[in-house]
1. Just the residues that are hydrophobic (A, V, I, L, M, F, W, C) and touching a Gly at 6+ places or on another chain (Cβ under 9 Å), please, taken from the stretch 186-204.
2. If residue 109 passes every condition in (1) surrounded by fewer than 21 Cβ atoms within 10 Å (Cβ to Cβ); (2) within 17 Å of the chain's Cα centre (by Cα); (3) not in a loop (DSSP other than H, G, I, E, B) but one, which one does it miss?
3. Give me the pairs: first residue in the stretch 20-47 and in contact (Cβ under 8 Å) with a residue 24 or more places away in the chain, second residue near the ligand (Cβ under 8 Å from one of its atoms) and hydroxyl-bearing (Ser, Thr, Tyr), beta-carbon distance under 7 Å, and six or more apart or on different chains, which are they?
4. Identify all residues within the stretch 8-19 that are surrounded by fewer than 19 Cβ atoms within 10 Å (Cβ to Cβ) and over 14 Å from residue 40 (Cβ atoms); write none if there are none.
5. For the stretch 169-205, what are the residues that are in a loop (DSSP other than H, G, I, E, B) and in contact with a Pro (Cβ under 8 Å, 6 or more places away or on another chain)?
6. Which condition from (1) crowded, with 17+ Cβ neighbours inside 10 Å; (2) within 19 Å of residue 242 (Cβ to Cβ); (3) over 16 Å from the mean Cα position of the chain (by Cα) is the one that residue 136 breaks?
7. May I ask you to list the residues in the stretch 161-187 that are more than 15 Å from the ligand (Cβ to nearest atom) and either closer than 12 Å to residue 268 by Cβ or not polar (S, T, N, Q) (or both)?
8. Taking the stretch 69-98 on its own, how many of its residues are near the ligand (Cβ under 10 Å from one of its atoms) and either of a type in the set (Gly, Ala, Ser) or modelled with pLDDT under 95 (or both)?
Amino acid sequence: MTVTDTRSSRPVLVTGATGRVGRLVVDQLLAAGVPVRALTRRPDSADLPADVEVMAGDLTAPDTLEGALRGAGAVFLVWTVLAATAPAVIERIASQAGRLVLLSAPHQTPHPFFQQPNRLADLYRYIEQVIAASGVATTIIRPGMFASNTAMWWSSMIKNGDAVRWPYAQAESAPIDERDIAAVAARSLLDDVHVGGDYVLTGPEALTQADQVRIIGAAIGRRIRFAELSPDEFRTATAGQWPAPAVEMLLAAWGASLGHPAFMTSTVAEILGSPPRTFERWAADHTDAFVRNSA
Ligand SMILES: NC(=O)c1ccc[n+]([C@@H]2O[C@H](COP(=O)([O-])OP(=O)(O)OC[C@H]3O[C@@H](n4cnc5c(N)ncnc54)[C@H](OP(=O)(O)O)[C@@H]3O)[C@@H](O)[C@H]2O)c1
């Protein structure tokens, strides 16, 4: 990776460092030889590489970020909390680090999948306004559906049976491998050519949800059926386990996207110089998420 930013000798603070994307951003930065600080509410259970400086802090309590931000050259921001503390957190980042990469979503993209009203889009719109007003040098990355959502959603059904009971078999997306999101984030953190960048990131191919189930089945060597649920059956199946707004957000996005090819960009390849990983590759590298423990 070419690093043109002289701030690169200062540590990069990665928030969400124990999460799916942040953990991989940490790996990418370490591989580039950059000092890394990781923010977590629970340092004792963070389980991060030994050469990471693990810092306690909570985005809902901005004063707790002082130590983590002191001397940091850039911040990777994963916003997973309510909006209330965003102005105070972003003001601290702007004054201490002066460089920010935000993990957002493609809520501005004119495709039916991304255009259904939802609370997350409202949250991101607000956070992005606060960041713009702060004047901090920013890159926004906007991945579509993470490939690993399929593990979150289907792992236990596939481990414990031969069918995924799910709505909208024919709804398409272009799932993106989190390693590609993290690679773009790391480039953006380290190279000032990306200041002002606003990047919608997708995987390389449009796949229906039924395709994705079939590909996971092929990766683990079993035939997995897609047993289609109606939206109401899905509401019943997730009741008490999933927040209702998340269920409605997904149903609206899948329903509206039926009959539309998945939205895709070439941005990952343009930034990294190599094509994004396929969903086949992601599934082959994550069979553990779907294979029954043999113990
Ligand atoms: N899933 C998708 O398809 C998709 C698509 C586009 C965008 N996104 C966005 O991606 C983000 C989630 O990223 P992810 O999946 O990598 O995360 P994740 O695996 O859900 O992990 C959440 C992270 O947030 C941290 N966190 C939670 N509350 C916190 C707080 N109060 N203070 C500080 N840190 C806190 C957690 O750290 P500790 O628990 O260690 O403190 C953890 O590292 C969300 O903003 C989501 O909207 C997701």
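The values are calculated or read from the model by the stated rules, or taken from the named source; none is laboratory data. Keep in mind it's a predicted model, so treat the numbers as computed, not measured. In this analysis, Cβ positions are derived from the backbone assuming ideal geometry, glycine residues included, and neighbour counts consider all displayed protein chains.
1. Answer for the stretch 186-204, where residues must be hydrophobic (A, V, I, L, M, F, W, C) and touching a Gly at 6+ places or on another chain (Cβ under 9 Å): 189, 200, 201.
2. (3)
3. Final answer for the pair search is 20/148; 22/15; 39/15; 46/18; 46/40.
4. Within the stretch 8-19, 9, 10 meet the criteria.
5. Matches in the stretch 169-205: 174, 177, 202, 203, 204.
6. If we test residue 136 against (1) crowded, with 17+ Cβ neighbours inside 10 Å; (2) within 19 Å of residue 242 (Cβ to Cβ); (3) over 16 Å from the mean Cα position of the chain (by Cα), just (2) comes out false.
7. Within the stretch 161-187, 161, 162, 163, 164, 165, 166, 167, 168, 169, 187 qualify.
8. Here is the first cut: in the stretch 69-98, the ones near the ligand (Cβ under 10 Å from one of its atoms) are 77-82, 85, 89.
With the extra rule that they be either of a type in the set (Gly, Ala, Ser) or modelled with pLDDT under 95 (or both), the set shrinks to none.
Looking only at that region, the number is 0.
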